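Heads up: the structure comes next, in structure tokens.
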Amino acid sequence: MQFVIVAGTPSSGKTSVMVHTIRHLQTSGQQVAVCKIDCLQTNDDVTYRRLGIPVAVGLSDYVCPDHFYVANLEEIEQWAGVQKADVLVLETAGLCHRCAPAVYDCLSICVIDNLIGINTPRKVGPMLSSADVVVITKGDIVSQAEREVFRYQVESVNPQARIMEMNGLTGQGAVSLKNTILNYPQFEGITGKRLKNPMPAAICSYCAGETVIGKSFQMGVVKKVEFESVDQC
Amino acid sequence: MLKKITILGGLNKIGLPEKIQKLEIQAGEILAVVGPTGSGKTQLIADIGQVAEAETLTGRRVRIDDGEVNSNEDKQKLRYLMAQVSQNMNFVIDMTISEFLMMHAQVRAVPNPEMVLKEVLAITNHLSGEPVTFETNLTQLSGGQSRALMVADVALLSNAPVVLIDEIENAGIDRLKALDILTGQGKIVLVVSHDPTLMLMADKRVVMKNGGMDGICYTTEKERHILSELVKTEKRVNRLREQLRKGKSLRSDYHEIDHHEEEELKLWQEYLYTCH
Ligand SMILES: Nc1nc2c(ncn2[C@@H]2O[C@H](COP(=O)(O)OP(=O)(O)O)[C@@H](O)[C@H]2O)c(=O)[nH]1
Ligand SMILES: [Mg+2]
């Protein structure tokens, strides 16, 4: 089975890009299953179901979405196995910029769009820098110059990645992405594989449902802002 | 240096092979893409833009200098081959013109960026007629100013051997001057257009129908003659518009060119002469 992890900034075109790509995978005779991980709510399952494929949804709700994601990878893989999937697409949303879902030996795709601003690739962090493939969308509505500058910024954050410019509306570029997925080496199971980046620690009292502000309510791993000392004039 | 682009035909919207099974565009040529709305003009440009290898809706294949483009690696090498200007494109970055152009010049490793930037600005203002400065913010530009800047940037900074232009006649800029500045130096230029003047400025035009390439027309002597008439009429209309906008009353003899305008025209022609 091919295990494909799709992440990216909000509304960057993850679902649009994958819908087009899955259509091409289906044309090539591949059975595809999709799982969508989100925080509170998603409509993406409806979109994916229209392709006539098995779709699962996992909502992290009161749990940190990043940790929820990792803790469910085995189960998601098993589910896809039951669906007899050749390709499992796992779309993640709601992850913070500190997080990256990339797992060694899985194909991880980061979808990022031209509209988020030229300096944003630097802020996206490990989600972008540890991706195997970076898909850049929405090139149809920005200038040639911005596309060139944006791509350059992406390349400087992740020089190893294969960068693909795609159009989520028309599906331009989806066949190349399909080929990339099919040519990626298969593996025998997610159990024992490693995250490329450790998740941020989240074990304080607020993780456990605390809502009151104040030092005496804080327990566990608590990190504080370091303020620079300001010279008096 | 790029010598030619070949497009090998695929299927039209009803699934039949398109009539034109091979279209070649040589270096230095301008090709117009014509046809009714929805006939597949923009798709043709998109196929060329991504150097299609039978993977798009049309199944067309595009050859650069007769070579096949097989792998993603090949495509990466071609990344600076083409530049595109379309009516749908906007600047979305919150930055001044000079900051942004400087960044772009850096990305493209342009030698002597200060000089080139001045030229970009001069051309921008020449094309749009509503002047901008280096300090103008990109997000404040009007549609016309944005398109003018895009054209100037594509011509001087991107400076790609293949230029794809999608319906710039509605862009609020002097489109004839824009075409002038984007062509030359052995560039291949594709112009999607509904505008007879732009169509006739091309060496040939491909006629789109039902999503397929349906015919090729070569611009004839007769058409070239009609073109020069059209250009004259257009200049006259522009002159009238300018006079009226300036609050002047029209004189009976509106063929007369005023001195200032003559001067400007000369400078422009000189500029084109030196840059091509
Ligand atoms: N213009 C344009 N819009 C796009 C493109 N890709 C996606 N969109 C639009 O962006 C919005 C968000 O897309 P979606 O796939 O839901 O993003 P996701 O949240 O990352 O899954 C939708 O309205 C899409 O139609 C693109 O390449 N160009
Ligand atoms: Mg989505």
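The values are calculated or read from the model by the stated rules, or taken from the named source; none is laboratory data. The structure displayed is predicted, hence computed values, not measured ones. When we count neighbours, we look across all protein chains shown, and the Cβ atoms used for this are built from the backbone with ideal geometry, even at glycine. The area values use the complete protein model at the heavy-atom level, side chains included, leaving out ligands, DNA and RNA. Shrake-Rupley method; radii C 1.70, N 1.55, O 1.52, S 1.80 Å.
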What is the distance, in nm, between label points placed 7 Å from the Cα along the Cα-to-Cβ direction at B:Leu78 and at A:Thr27? 1.8 nm
For chain B: relative contact order, % (alpha-carbon pairs under 8 angstrom, 6 or more apart): 25 percent
Would you mind telling me which residue in B:Leu265, B:Leu138, B:Leu227 has the biggest mean-square fluctuation in a Gaussian network model of chain B, where springs connect alpha carbons within a distance under 10 angstrom? B:Leu265
Karplus 3J(HN,Hα) series, Hz, for region A:206-217 with 6.51 cos²θ - 1.76 cosθ + 1.60 (x for Gly, Pro): 5, 4, 8, x, 4, 10, 7, 7, x, 3, 5, 9
With all protein chains present, region A:2-183 has a carbon and sulfur share of its accessible area (1.4 Å probe) in percent of 50 percent
For the pair B and A, the solvent-accessible area buried on both sides (1.4 Å probe; DNA, RNA and ligands excluded), in Å² to the nearest hundred, is 2100 Å²
Report the trypsin sites (Lys or Arg not before Pro) located in region A:1-92 that are in a DSSP loop and have at most 16 other Cβ atoms inside 10 Å of their Cβ, or state none. A:Arg50, A:Lys84
Separation of the B:Lys118 and A:Arg98 label points, Cα + 7 Å toward Cβ, nm: 5.0 nm
Give B:Lys232/B:Lys266; A:Lys36/A:Lys193; A:Lys138/B:Lys209; B:Lys22/B:Lys187; B:Lys22/B:Lys177 a once-over and call out the pairs whose C-alpha atoms are over 24 Å from each other. A:Lys138/B:Lys209; B:Lys22/B:Lys177
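Specify the longest stretch of chain A that does not include any exposed loop site, a site being one of the GluC sites (Glu not before Pro) with a non-H, G, I, E, B DSSP assignment and at most 10 other Cβ atoms within 10 Å.
A:1-187
Quick one: with all protein chains in place, what share of the accessible area of region B:86-159 is carbon or sulfur, to the nearest percent (1.4 Å probe)?
51 percent
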Between helix B:97-107 and chain B, what is the angle of the helix's C-alpha long axis to the longest principal axis, kept within 0 to 90° and rounded to the nearest 10? 40 degrees
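For region B:86-159, with every protein chain kept in place, what is the accessible area per residue (1.4 Å probe, Å²)? Working shown, then result.
On the way: 3070 Å² over 74 residues.
Averaged over the residues of region B:86-159, the accessible area is 41 Å².
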Determine the principal axes of the Cα atoms in region A:2-183, then give the extent along each, sorted from largest to smallest and rounded to whole angstroms. 47, 38, 29
Estimated vicinal HN-Hα couplings, Hz - region B:29-45 in sequence order (Karplus 6.51, -1.76, 1.60; Gly, Pro = x): 8, 10, 10, 8, 10, 10, x, x, 4, x, 8, x, 5, 5, 4, 4, 4
Area of A:Lys123 that stays accessible when all protein chains are in place (1.4 Å probe, Å², to 10): 140 Å²
Per residue, how much accessible area does region A:2-183 show when a 1.4 Å probe rolls over the protein heavy atoms, in square angstrom? 37 Å²
Of A:Ala102, A:Ala93, A:Ala145, which has the largest mean-square fluctuation in a 10 Å C-alpha GNM of chain A? A:Ala145
How much accessible surface does B:Thr233 have with a 1.4 Å probe, in Å² rounded to 10? 70 Å²
Name the longest site-free stretch of chain A, where the excluded sites are chymotrypsin sites (Phe, Trp or Tyr not before Pro) in a DSSP loop with no more than 16 other beta-carbon atoms within 10 Å. A:105-186
